[in-house]
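Structure first, commentary second.
The values are calculated or read from the model by the stated rules, or taken from the named source; none is laboratory data. Given the structure is predicted, the values throughout are model-derived calculations rather than measurements. Positions of Cβ are generated from backbone atoms using ideal geometry, with glycine treated the same way; all protein chains shown enter the neighbour counts.
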Amino acid sequence: MQYLLPLLDESVSLAEVHSRLLTAFRPPDHWFYLDPVSQMVMAILGGRTYRAVSKAAFHALLDRFGCWEAVRDAAVEDVDAVIGQVTYSDEKARRLQAALRRLTALRGRLDLTFLADWPVEPALDWLERLPGVGRKVSTATLNFSLLRKKAMVIDTHHLRVLRRMGLVRPRASLEEAYDLVMPRLPQAWTAETYADHHHLMTRLGERICRHKAPDCGACPLQEMCSTGRSVPARQEGLDK
Ligand code: SF4
C-alpha cells in the first residue's frame, strides 16, 4: 500500500502557484525536444552550471566527437577538455562516460526510447541504476525529451522555493520533494505543463527567491509562502 505524504502546507494549490507565476513571468518558450539519450547528456552537464554554458558544452561535444558513442569511447581527458567550462567538468566527464557505458552494457546500444511505454516510476528506477543519474537527471530525461512523460523536474532553485514556501521540510531532499509534489499536481496537466511549471519555479528561484537574499516583497507567491508572510508586502508602485 502506498501512503500519500502530505505537503507541509496543504492549503497551497500548485495550480494557483502556476497561474501566479504565469502572470508574473512570460510563459516559458516552447521546447525543442531532444531524444532521451541526448537529454540525459544535457542534464548531466547541467548540474550547478548556467544553462547557456551547459548548452554550449553539449554542442561542443557533438562538434568534436560527432555522436554519443564516440563520446563514450573517448579518453576521459579529451571529454573533460571539451566540456571544461561546466562546473566539475572532470567529474562530469567521468559520470557521463560511465552512464553511457552502463547503458550500452544493459541495452546493447545507446537508446532509451524503450522507456516510452513504461510508467514513470519504473522508468525513473531504471534510469537511476545508471551511474551518475540521480532524480534530477532521470526526471529531465523523461520530461524534457521526446518521451514527454509526466515527471516533475526539481532542481536546486525549484527545491529552494518549495522549502521556503513551507511545502516541504527545510532540509527535504530532492527525492523527498518529488514524492510530495507529484501527487499534488493537477491531473489535467500535460507533460508540457510539467516542464513549464519547472521552468517558472526555476525562474522565480533565479530572479526573486534567490539563494542569498529572497526579495519577498516582489514575489507573486508572497501571501502563499510561509517565509514571505513574515515580510511586509511591498507597496504598489514602489516595486521594480
Ligand atoms: S515569498 Fe520570499 S521566500 Fe517565499 S517564494 Fe517568494 S521570494 Fe521565496
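Observations
- Scanning region 147-175 for residues that are of a type in the set (D, E, K, R) and over 14 Å from the mean Cα position of the chain (by Cα) yields Arg163, Arg164, Arg169, Arg171.
- None of Asp90, Asp63, Asp73 is farther than 23 Å from Thr202 by Cβ, in contact with a helix residue (DSSP H, G or I) (Cβ under 8 Å, 6 or more places away or on another chain) and at pLDDT 95 or above except Asp90.
- Contacts under 6 angstrom Cβ, first residue in region 188-212 being among the charged types (D, E, K, R), partner within 12 Å of the ligand (Cβ to nearest atom), 6 or more apart: Glu206/His157
- Scope region 102-114; condition farther than 20 Å from Leu34 by Cα and surrounded by 15 or more Cβ atoms within 10 Å (Cβ to Cβ); matching residues: Arg102
- Check on Ala188, at pLDDT below 95, under 23 Å from the mean Cα position of the chain (by Cα) and among the aliphatic types (A, V, I, L, M): no
- Total residues in region 35-92, condition acidic (Asp, Glu) and under 23 Å from Asp111 (Cβ atoms): 4
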